[in-house]
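Read-outs throughout are calculated quantities, based only on the coordinates presented, and are distinct from any laboratory measurement. All figures in this text were calculated on a predicted structure; none of them were measured in a lab. Don't worry about glycine lacking a Cβ; one is built from the backbone with ideal geometry, like all the others, and counts go over all protein chains shown.
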Amino acid sequence: MKMKKFVYKTFIVALSLAGMLPMTSCEKGKSYSELLKEEEHAVNWYLAQNDVVMHAPEDSVFITGENAPFYRMDMDGNVYMRVVTEGNRDNRPKEGERVYFSFVRKDIKAMYAGDEVQWVGNSENLGSAGGTSFIFGNTYLPSSTQYGTGIQLPMKWIGLYSEVEIVIKSIEGFTNDLSTCIPYVYKVRYFPAEY
C-alpha cells in the first residue's frame, strides 16, 4: 500500500505540473506548479539558515541538540530532521503499533514572506501526548494518513520519548496541506501507546 500511495501522489503531482490536472489553491491566479516552486524556495531559505547533512547517518547515530544539523531523510528532499532528544533507540515502534505524538508547527512559506508566525499545534509546551496518534507504517487508514508520512519517518531511526524538529514539504505533510503547497517546520515528541 505504501508504494501505491507514493505512486499515486507522484502521478497527481506529475499530471498537475504538466497542466493536465487542475489543482485548486487558496492563492488566486497561481498554478500548482507555481505554488510548488514557492514551496521549494521557502524550504531552501529556511534550511540555508541551518547546517544540513544530505543523508541520515548509516549507523543511525545522530548529532543531537537544539543546534544539531538537519538531516535529509528521504531521496527527494521532502523531509529534513533535527534530533533534539534521541529518546530510547532500543524502544522504537514496530510496524502496526500505535504511536502518540504532540506537536507544534510553523508555516515556512509565511516565514519566508516575512510574516510574524506563531507555533500552533496540539501542545504548547510539548509536555503531554494528548490524543494525537498514528499507526506506525500505516499508509491507508485515514486516522494515520491525515498526518502524512513525514511525521512518522523519525520513528524509523530514533526511539520513543524523543523530540525532533522536522521540515516537511506538503507532499509528505498533513493531507489538507497538499493542494496549497505549504511546508511546515514541526517540533514533535513521540510517546508509546501506554504513555
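Kindly identify the stretch 103-195 as rounded, prolate or oblate by the Cα gyration tensor criterion: order the square roots of the eigenvalues as a ≥ b ≥ c, call it rounded if a/c is under 1.5, otherwise compare a/b with b/c, prolate if a/b is larger, else oblate.
Working: a/c = 1.96, a/b = 1.33, b/c = 1.47.
In terms of gyration-tensor shape, oblate.
Taking a virtual spin label 7 Å from the Cα of His41 along the C-beta vector, which residues in the stretch 143-186 bring their backbone nitrogen under 16 Å of it?
Under cut-off, by backbone N: 181-183.
Under the 0.36 nm per residue contour assumption, what length would be gained going from the current alpha-carbon distance of Asp90 and Asp51 to full extension?
The span from Asp90 to Asp51 would gain 11.3 nm if fully extended.
Taking only the alpha-carbon atoms of the stretch 53-166, what semi-axes of the equivalent ellipsoid follow from 5 times the gyration tensor eigenvalues under a square root, in whole Å, largest first?
21, 19, 15
Mind running the shape call on the stretch 150-195? Use the C-alpha gyration tensor, a ≥ b ≥ c as the square roots of the eigenvalues: rounded below 1.5 for a/c, prolate if a/b tops b/c, oblate otherwise.
The shape class here is prolate.
If you take every residue apart from Gly87 with its C-beta less than 10 Å away from the C-beta of Gly87, what net charge results, scoring Lys and Arg +1 and Asp and Glu -1?
0
Rank by packing, highest mean first: peptides 139-152, 169-182, 110-123, with packing defined as the count of other Cβ atoms within 10 Å averaged across residues.
Final packing ranking: 169-182, 139-152, 110-123.
How many nm is it between the label spots at Gln118 and Lys156, if each spot is 7 Å from the Cα in line with the beta carbon?
It works out to 3.5 nm between the two label points.
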